[in-house]
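The values are calculated or read from the model by the stated rules, or taken from the named source; none is laboratory data. Small disclaimer: the values here were computed from a predicted structure and weren't measured. Because the Cβ atoms are built from the backbone with ideal geometry, glycine has one as well, and the counts that use them run over all protein chains shown. These area figures cover heavy atoms from the full protein model, side chains too; ligands, DNA and RNA do not enter into them. Shrake-Rupley method; radii C 1.70, N 1.55, O 1.52, S 1.80 Å.
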Amino acid sequence: MLFLFFRHNRRAVIDFGPPLDLKAFLETRNPDEPPGETVSLLRKELITRIDEQKRVILGPIMKSRQQVKEIVLTDPEINATLKEMAAGKRKALKKYRKKASDYFDEIAADYNITYIQFFQMALRWFWKKLFEGIDVRDSEITALRESARKGVLIYVPSHKSHIDYLVLNYILLERHMHVPRIAAGKNLAFWPMGRMFRKSGAFFIRRTFQGARLYAKIFSRYIKALLAERHPLEFFIEGGRSRSGKLILPKVGFLSILLEAFQEGYCEDLLFVPVSISYDRILEEKSYIRELAGQKKERETFLQMMKARQFLKRKYGKIYIRFASPISLKEYLHIPGRQEQPLNKNLGLDIIRSINRISLVTPISLVATAILARHRRGFTLSQIMETVGLLLDSLEHQDAPVAATLSDPENAIREALAVLVQWKMLTLVETAGQGGEAYYTTDDDKKMELAYYKNSIIHFFVPRSFVAISLLAGKENTIAQETIAREYAFLNHLFKNEFVLERNQRIDAEVTSILQGFLNNELILPGEDRVSFTLTRLGLDRLPIWGNQIKSFVESYWIAARALLDETGKRVKKPERLKNMKNLAVKYQKLGLVTYPESLSEIIFKNALGFFEKEVLHPHNRNKEANPGATRQRLVDLSEHLQALCQ
C-alpha cells in the first residue's frame, strides 16, 4: 500500500465524509445490547460510510460489460418480448436473440480507466491551447459531492457544443468525482472516436425509437441496469445542440426512462443536477450560422474532425460552468402542484428553468445584448456603457448570476469590445483629434453571430420585453394595464415554443411588478385612474432596450404568417413551407421590410410553423378541411398584429 502511494502520489486524494457522532449512535442502541454486538454494528456503519465516500470518487464496483449484457438479455420482460415477436417459431426466436445482442453492442458503454486517463492528459493540453481558463465554483462541487452520497446523480447540462461533455467530465475528474456514463447521439459513433467515447463511458442512443420496439426495450433495460448499480448518468435534455444560443424546449424521452426506472424500484432516489455550460465564443459558431441560414447540417465524420484542426489556431475566451442545487425526484413528487401530468414534461421544464437561473451573464453576452438592443448602427464607449449599466441594474434586481469580471464593468466592457474587434464582429473606427471617442460599428452579417450570445441570457429580459413592447406598440397616448396584460398573455402564448419562463406567479402579478419597476425608473407615468400609463420622454428612449430583445422573434413570426397567407389554399408540405418562409424573408430584406437580419433564422421559422399549424391552421385538432376562409382571416389578423408590434 505504501509502495502504491509513493508510485501514484500525484493521483492520491484524501477525502473526508460526514462525521459519526458516537454519543448519538450509542443512544440509538439498546442499553442491554452486548458490547461486542454494538462494536460490530459501529464497525459496519463506519465501513459503509467509507464505501459511500469511495463510491463518490471511484464510482460503484464495476461489473464487466459482459456481466451487464447478461443482466439485460436474461431479463424476464426482454425474454417475454422476444418470444412474443417470434410467435412460437424457434428460428425466429434465435434471430431475435441475435438482434437483441447486436442492439446491446450498439448501445452499451465499455468503460476503461486507461482511456479516461488519456483523455484527461489530452484535454489539459487542449483547454490551454484553445481557451483562457475554465471558470467553476469549488463550493458547488463540494455541495455536489455531498449530494452524491444520497442517491444516483443525473447530470443534465445545457448543450451548446460538442465539447460540453468533455469539459464537464474533465472538471469532475479533476475535482476527484467519478465521471458519469454519458448518453451520446449515435451520430458520434463514427470511427475511431466512437470506440474512444465508448471506452470513456459513453453509451449511444438513436434519435428516434419509432418502429424499433426491441431496441427500445434493450435500451431501457440497459439504463435500469446502470441505475441499479448506482452509476451516475449524464444526458442532454435539449436533445441536440442549441443553434440559437438559448435553451431548447426539453425532449423527455430519456427522462421518461429514468422516471420509469425510479417507479419500478431500480434506485432509491434520482438527483437531477442542472448544469449551465457557457462559452465566451463557441467553436461551432460558423457552422451554426450556416444552419440558421438554411444549410444542411454536416454529418460528423473522421474527416470532419481532422478539418477541425483549424480551431487550434484561435483562442475562444473562457468556459463557464455552474451547477444548480440537485433536484431530488423523491422530494419533487411531494411538492404541491408537481404531480400534474405529464410528470416528465413538468420535470423537464423545471430542469430547463433551473439551468436558466444559473446561466452566467458574461461580458461578451452583455455587450452583444446592448448592441442589438440599442446600438445596431454603431456606438461609442460611453454610449455602450450607459446601456450596459441599465442592463446590469435589471440583472441585479433579479439576482442573476454575473461573471466576476463585471464587478469592474468599464474594464470588463473595454476588454469585451477589444475581443469582439479581434474576432471581427465589430469594426473600430478611429476618431481624429484629441479627446475624441473611438466609434464601433458592426455589419449586418455579424448580427446573427452577436444574436447567439445575446440569446444565451435573453431569458432574464423576456418578461420585461413583453411589457415594453406592449407599451411601445400602443396607438393611444395612454395605455390601460388591462391592455398590457392582454398583450403579455398573447406574447407569452405565441412564444411558448421559444422561451421557458418562470411559473412562480400569475401574469397580472408579473405585469404589475414590471410596471412598478418602470414607474420607479421614471419610464412611464400613472394615469389619473392609476390603472393606465403614459410614456415619458425617458421611457421613449429607454424602453426599446427591453422591447428590442424579442423584436427579431416577432419579425420572424410575422414573416412566417405572411408566407402562409401566400399559399392561397394550396396543400404544402412542411419542407416547402419552410423554404417559402426563407425565400420571402430574403425578398423582404432586399425590399427593406426586414429590420433584424437575425430574424432570417430557419430554427425560429420551424418554431413559428409549429405554432401556426397547431394554433391557427388546425386549432384543437379540428377537421383540417374546416372553413379555410376563417383560417385565412385568423392568419390575416395575426399578421397585422405582429406587424404592429414590429414597428
### Task
With the checklist (1) more than 23 Å from residue 375 (Cα to Cα); (2) at pLDDT 95 or above; (3) of a type outside the set (Ser, Thr, Tyr); (4) touching a Ser or Thr at 6+ places or on another chain (Cβ under 6 Å) in hand, flag the one item residue 527 doesn't pass.
(2)
### Message
Out of 115, 111, 96, I need the residue that is in a loop (DSSP other than H, G, I, E, B) and either open to solvent by 20 Å² or more (accessible area, probe 1.4 Å) or over 23 Å from residue 266 (Cβ atoms) (or both). Which one?
### Response
111
### Query
With (1) open to solvent by less than 60 Å² (accessible area, probe 1.4 Å); (2) free of Cβ contacts under 8 Å to residues at least 40 places away in the same chain; (3) not in a helix (DSSP H, G or I) as the list, and residue 101 as the residue in question, which single condition is left unmet?
(3)
#### Entry: Candidate set: the range 127-147, residues that are basic (Lys, Arg) and farther than 17 Å from residue 52 by Cα; chosen: the one most open to solvent (accessible area, probe 1.4 Å)
128
### Candidate set from the range 584-601 (those that are part of a loop (DSSP other than H, G, I, E, B) and of a type in the set (Ser, Thr, Tyr)); member that is farthest from residue 293 (Cα to Cα)
595
### Message
For the condition open to solvent by 10 Å² or more (accessible area, probe 1.4 Å), of a type in the set (Lys, Arg), modelled with pLDDT of 95 or more and not in a helix (DSSP H, G or I), what is the one hit in 322, 338?
### Response
322
### Message
Residues that are of a type in the set (Val, Ile, Thr), without any contact (Cβ under 8 Å) to a residue 12 or more places away in the chain, more than 30 Å from residue 175 (Cβ to Cβ) and out of contact with any Lys or Arg (no Cβ under 7 Å at 6 or more places or on another chain): does the range 45-61 have at least one?
### Response
no
### Query
Hey, among the residues in the range 62-92 that are among the charged types (D, E, K, R) and in contact (Cβ under 8 Å) with a residue 40 or more places away in the chain, which one's least open to solvent (accessible area, probe 1.4 Å)?
75
### Query
Does the range 428-442 contain at least one residue that is closer than 30 Å to residue 325 by Cβ and among the hydrophobic types (A, V, I, L, M, F, W, C)?
no
### Query
When you look at residue 449, is it of a type in the set (Asp, Glu) and over 24 Å from the mean Cα position of the chain (by Cα), yes or no?
no
### Message
All but one of (1) surrounded by fewer than 14 Cβ atoms within 10 Å (Cβ to Cβ); (2) at pLDDT 90 or above hold for residue 48; state the number of the condition that does not hold.
### Response
(2)
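Scan the range 249-268 and tell me whether some residue there is closer than 22 Å to residue 552 by Cα, touching a residue at least 24 places away in the same chain (Cβ under 8 Å), open to solvent by 20 Å² or more (accessible area, probe 1.4 Å) and out of contact with any strand residue (DSSP E or B) (no Cβ under 7 Å at 6 or more places or on another chain).
Taking the range 249-268 as the starting set, the residues that turn out to be closer than 22 Å to residue 552 by Cα are 249.
If we keep only those that are touching a residue at least 24 places away in the same chain (Cβ under 8 Å) as well, we get 249.
Now restrict to residues that are open to solvent by 20 Å² or more (accessible area, probe 1.4 Å): 249.
Adding the requirement that they be out of contact with any strand residue (DSSP E or B) (no Cβ under 7 Å at 6 or more places or on another chain) leaves 249.
Within the range 249-268, one or more residues are closer than 22 Å to residue 552 by Cα, touching a residue at least 24 places away in the same chain (Cβ under 8 Å), open to solvent by 20 Å² or more (accessible area, probe 1.4 Å) and out of contact with any strand residue (DSSP E or B) (no Cβ under 7 Å at 6 or more places or on another chain).
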### Query
What are the residues in the range 496-534 that are open to solvent by 40 Å² or more (accessible area, probe 1.4 Å), free of Cβ contacts under 8 Å to residues at least 40 places away in the same chain and either within 19 Å of residue 547 (Cβ to Cβ) or of a type in the set (Lys, Arg) (or both), if any?
506, 507, 512, 513, 516, 519, 520, 521, 522, 525, 530
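What tally of residues in the range 273-319 results from selecting those that are at pLDDT 85 or above, open to solvent by 50 Å² or more (accessible area, probe 1.4 Å) and either on the phi > 0 side of the Ramachandran plot or not in a helix (DSSP H, G or I) (or both)?
1
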### Query
Out of all the residues in the range 190-226, which are buried (at least 17 other Cβ atoms within 10 Å of the Cβ) and without any contact (Cβ under 8 Å) to a residue 24 or more places away in the chain?
194, 197, 216
### Task
Would you tally the residues in the range 585-617 being more than 25 Å from the chain's Cα centre (by Cα), over 20 Å from residue 548 (Cβ atoms) and open to solvent by 20 Å² or more (accessible area, probe 1.4 Å)?
7
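For the range 544-576, give me each residue that is in a helix (DSSP H, G or I), charged (D, E, K, R) and either out of contact with any Phe, Trp or Tyr (no Cβ under 8 Å at 6 or more places or on another chain) or open to solvent by 30 Å² or more (accessible area, probe 1.4 Å) (or both).
Applying the first criterion (in a helix (DSSP H, G or I)) to the range 544-576 yields 544-547, 551-565, 574-576.
Still in the list and also charged (D, E, K, R): 551, 555, 562, 574, 576.
Within the range 544-576, 562, 574, 576 meet the criteria.
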### Message
Restricting to the range 334-387, give me the number of residues that are among the acidic types (Asp, Glu), closer than 18 Å to residue 413 by Cα and touching a helix residue (DSSP H, G or I) at 6+ places or on another chain (Cβ under 6 Å).
### Response
0
